[in-house]
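*Asks:* Mind looking over this structure? Questions follow.
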Amino acid sequence: MQVYDKVNKTELTADTDELIKLMAPGGRQVDLYLKEKKSDEDGYMTWDVEHWSSVDGRRFIRCYSLEGRVLSESTGHNIYDLRNEFKPEEAEKVELS
């Protein structure tokens, strides 16, 4: 998939595993701009952008934005959760910060 690197101002091709490798030890953030808004199963929160970053290489945090506004909620994930939760291939646009 095509990923825009905001730091180096270049376009690169990366798959999910490569993005995780860039995020984990390198301290980079991956922003997933979704094709449509998502809501949690309780209807408590709605978002259209997911901001993924690594805490220590094995633990990850996902923050959320809706229509340009960063939401106060976040979720924590371990490296094994990423296989089920981190889906850059479903995003409309992927950026690396």
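The values are calculated or read from the model by the stated rules, or taken from the named source; none is laboratory data. Quick caveat, the model's predicted, so the values are computed rather than measured. For neighbour counting, all protein chains shown are included, and Cβ atoms are generated from backbone atoms with ideal geometry for every residue, glycine included. Note: accessible area is taken over every heavy atom of the protein model, side chains too, but ligands, DNA and RNA are not part of it. Shrake-Rupley method; radii C 1.70, N 1.55, O 1.52, S 1.80 Å.
*Asks:* With a 10 Å radius around each residue's Cβ, average the other Cβ atoms per peptide and rank 72-85, 51-64, 10-23, highest first.
*Replies:* Numbers: 72-85: 11.8, 51-64: 16.3, 10-23: 14.2.
Highest mean packing first, the order is 51-64, 10-23, 72-85.
*Asks:* Give, in nm to one decimal, the length gained when the segment between V7 and Y44 is fully stretched (0.36 nm per residue of separation minus the Cα-Cα distance). The partial results should precede the final answer.
*Replies:* Values: separation 37, 0.36 × 37 = 13.32 nm, distance 3.35 nm.
Full extension from V7 to Y44 adds 10.0 nm.
*Asks:* What FRET efficiency, computed as 1/(1 + (r/R0)^6) with R0 = 22 Å and r the Cβ-Cβ distance, is obtained for V70 and K93, rounded to the nearest 0.05? Numbers along the way, then the final one.
*Replies:* On the way: r = 17 Å, r/R0 = 0.78.
E(calc), rounded to 0.05, equals 0.80.
*Asks:* Can you show me the helix-derived [θ] at 222 nm for the chain, built from DSSP H runs with n ≥ 4 at -39,500 (n - 2.57) apiece and divided by the number of residues, rounded to the nearest 500.
*Replies:* So the calculated ellipticity at 222 nm is -3000 deg cm²/dmol.
*Asks:* Here is a follow-up. Which far-off residues, 5 or more places away or on another chain, put their amide H under 5 Å from the one on M45, with H placed in the peptide plane?
*Replies:* Long-range HN contacts for M45: D40.
*Asks:* Roughly how many Å² is the accessible area per residue of the chain, as a whole number, for a 1.4 Å probe?
*Replies:* On the way: 6000 Å² over 97 residues.
For the chain, the per-residue accessible area is 62 Å².
*Asks:* Out of the DSSP beta bridges found with both residues in the stretch 4-97, what percent are antiparallel (nearest 5)? Walk me through the numbers before you get to the answer.
*Replies:* Details: 26 of 28 bridges.
In the stretch 4-97, DSSP labels about 95 percent of beta bridges as antiparallel.
*Asks:* Also, quick follow-up: Quick check for me: using +1 on Lys/Arg Cβ and -1 on Asp/Glu Cβ, what's the dipole size of the stretch 2-96 about its Cα centre, in debye to the nearest 20? Walk me through the intermediate numbers first.
*Replies:* Values: 14 positive and 21 negative charges, 71 e Å.
Once rounded to the nearest 20, the dipole reads 340 debye.
*Asks:* Here's something else I'd like to know. Apply the Karplus parameterisation 6.51 cos²θ - 1.76 cosθ + 1.60, with θ equal to phi minus 60°, to every residue of the stretch 46-56 and state each ³J(HN,Hα) to the nearest whole Hz, in sequence, with x for glycine and proline.
*Replies:* Each residue's phi maps through the Karplus curve to give 10, 8, 10, 9, 10, 10, 9, 8, 9, 7, 8 Hz.
*Asks:* Which ³J(HN,Hα) values in Hz, rounded to whole numbers, follow from the phi angles of the stretch 79-93 under the Karplus curve 6.51 cos²θ - 1.76 cosθ + 1.60, where θ = phi - 60° and Gly and Pro get x?
*Replies:* Values per residue, Gly and Pro as x: 4, 6, 5, 4, 4, 9, 9, 8, 10, x, 5, 8, 7, 6, 8 Hz.
*Asks:* Give the label of the value calculated from the structure for Rg/Rh (Cα atoms, Kirkwood Rh), choosing from [x] 0.94; [y] 1.21; [z] 1.62.
*Replies:* Matching the structure shown: [x].
*Asks:* Determine the distance separating the Cα centre of the stretch 1-28 from the Cα centre of the stretch 40-90; give it in Å without decimals.
*Replies:* For the stretch 1-28 versus the stretch 40-90, the Cα centre distance is 17 Å.
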